[in-house]
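The values are calculated or read from the model by the stated rules, or taken from the named source; none is laboratory data. These numbers were taken from a predicted model, which means no experiment stands behind them. Neighbour counts are summed over all protein chains in view; Cβ atoms, including those assigned to glycine, are modelled from backbone coordinates with ideal geometry.
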Amino acid sequence: MGNRSFGEPRMSQPLTPPRTIAKAVLDRSFRVLVLQGGWSSEREVSLASGKGVQTALTKLGHEVEALDPPRHVRAILDGIEQSFGGRGPEIIFNILHGLEVEDGTLQGVLTLVGIPYTFSGVSASVVAMHKGLSRLLMQEVGVMCPPGRTLSLDDYAACDWPYPHVVKPLGEGSSVGVFLVEKAQDKQNVVSSWSFGPQVLVEDYIPGREIQVAVFAGQAMGAVELCFPGPIFDYEAKYTAGMTQHIIPPDVPTEVLEVMYAWAERAHHTLGCRGITRTDFRYNPEAAVGYQVFFLETNTQPGFTDISLVPDIARVYGWSYEEVITFLLDQALRA
């Protein structure tokens with residue numbers, strides 16, 4: 001488990017399971033198929049999340065099977081149809097991460113199948129996963145993003161974007177392929193080793209603190225500050241146990257936290273998300289007022305590993321891991 005510091009929650013009216021989960025979901029057992037693993041660069045994260053989800057669903061009394069899908073639509077459909085001895089699932093718990101499974105592609109397949117599934121639908125997944133599109137949309141609704149631009153890899157190599165800056169793939173998650181570029185040699189290394197498609201998102205590096213907000217059904221649940229040794233929250237910091245401290249709630253001014261809550265809720269609604277999302281921010285307390293908080297991205301399928309952030313935030317507000325899982329089942333059935 002990651003290191004944690006749990007203080008008193010700042011939100012005056014956190015969500016509570018009895019108000020938000022239908023009694024029918026609490027009182028009966030479902031056949032739940034957990035989609036986990038897959039073929040993206042985030043396979044190992046998905047497997048770790050899937051393990052926790054399966055354990056929780058079993059503890060809750062549901063009938064549970066898991067499917068580690070291959071990269072073929074027909075095989076995915078066959079796996080769904082043949083699950084539970086040919087009876088098929090009543091709910092699909094989609095805990096896959098990465099390209100083609102979190103970007104609306106798989107959501108389209110599941111929508112055609114007609115079986116309720118967890119997290120966001122097709123359009124929200126498409127836009128949220130595309131960092132270039134999502135930042136443009138957020139700017140249109142008044143959410144501040146770091147100065148940045150989507151460029152071809154060749155244009156990035158030729159441009160003179162000031163240092164330091166951050167380079168990201170347009171469609172990866174879990175901080176895969178995110179690089180801090182502080183000098184010309186860093187840039188050359190990124191360009192020569194780039195394997196994430198023909199385009200990049202380049203943004204000014206925002207110094208300061210990493211704070212993430214969990215949103216449940218459109219309402220901010222709470223926030224976490226991430227304290228890690230490096231300048232950016234990269235893959236190693238995110239998934240190495242003990243490397244990152246989770247501080248819940250963050251020790252920031254109330255008015256700053258309220259901005260993050262409002263922007264996270266705005267992102268959730270503007271993108272058309274459902275269930276649970278996690279929106280990531282950078283907070284620079286040394287900047288001028290009005291230029292301290294910057295939106296980084298909204299994650300429509302946040303992780304559920306032992307050291308993942310959404311379960312930690314929920315726990316501070318009295319939600320067990322199992323209650324969060326039940327909430328997601330309820331949201332899937334409401335969609």
Subject >> Looking only at the stretch 135-158, and only at residues there that are over 21 Å from the mean Cα position of the chain (by Cα) and without any contact (Cβ under 8 Å) to a residue 40 or more places away in the chain, the one that is surrounded by the most Cβ atoms within 10 Å (Cβ to Cβ) >> reply: Ala157
Original post:
Could you list, in sequence order, the residues of the stretch 36-52 that are more than 19 Å from Ile91 (Cα to Cα) and either polar (S, T, N, Q) or in a loop (DSSP other than H, G, I, E, B) (or both)?
Top reply: Trp39, Ser40, Ser41, Glu42
Original post:
When you scan the stretch 162-219 for strands (runs of 3 or more DSSP E) that lie fully inside it, which ones turn up with 3 or more residues that are under 30 Å from Tyr321 (Cα atoms)?
Top reply: 209-216
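For every residue, the table says whether it meets (1) in a helix (DSSP H, G or I); (2) farther than 28 Å from Val32 by Cβ; (3) modelled with pLDDT of 95 or more.
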| site | (1), (2), (3) |
| --- | --- |
| Gly303 | no, no, no |
| Ile307 | no, no, no |
| Arg315 | yes, no, no |
| Ala332 | yes, no, yes |
Subject >> Pairs where the first residue, in the stretch 260-271, is outside the structural domain of Pro250 (by the TED database) and touching a residue at least 24 places away in the same chain (Cβ under 8 Å) and the second is of a type in the set (Phe, Trp, Tyr) and assigned to a helix (DSSP H, G or I), C-beta under 7 Å, 6+ apart >> reply: none
Original post:
Any chance the stretch 247-260 includes a residue that's in a helix (DSSP H, G or I) and buried (at least 20 other Cβ atoms within 10 Å of the Cβ)?
Top reply: yes
**OP:** Say whether the condition of being in the same structural domain as Ser49 (by the TED database) and without any contact (Cβ under 8 Å) to a residue 12 or more places away in the chain is met by at least one residue in the stretch 114-134.
**Re:** yes
Original post:
Counting only residues that are within 20 Å of Lys51 (Cβ to Cβ) and within 11 Å of the chain's Cα centre (by Cα), how many does the stretch 292-335 have?
Top reply: 8
**OP:** Please state which one of Val191, Val200 is modelled with pLDDT of 95 or more and closer than 20 Å to Asp103 by Cβ.
**Re:** Val200
Original post:
Which residues, taken from the stretch 72-94, are at pLDDT 95 or above and closer than 28 Å to Phe196 by Cα?
Top reply: Phe93, Asn94
Original post:
Hey, among Val181, Val166, which residue is of a type in the set (A, V, I, L, M, F, W, C), at pLDDT 95 or above and within 28 Å of Glu258 (Cα to Cα)?
Top reply: Val166
Original post:
modelled with pLDDT of 95 or more, closer than 19 Å to Val143 by Cα and of a type in the set (A, V, I, L, M), is that true of Ala288?
Top reply: no
Original post:
Taking the condition of a type in the set (A, V, I, L, M) and either within 15 Å of the chain's Cα centre (by Cα) or farther than 20 Å from Phe295 by Cβ (or both), does Val176 pass?
Top reply: yes
Original post:
Only one residue in Ile232, Ile211 is touching a Pro at 6+ places or on another chain (Cβ under 7 Å), among the hydrophobic types (A, V, I, L, M, F, W, C) and not assigned by the TED database to the domain that holds Ala157. Which one?
Top reply: Ile211
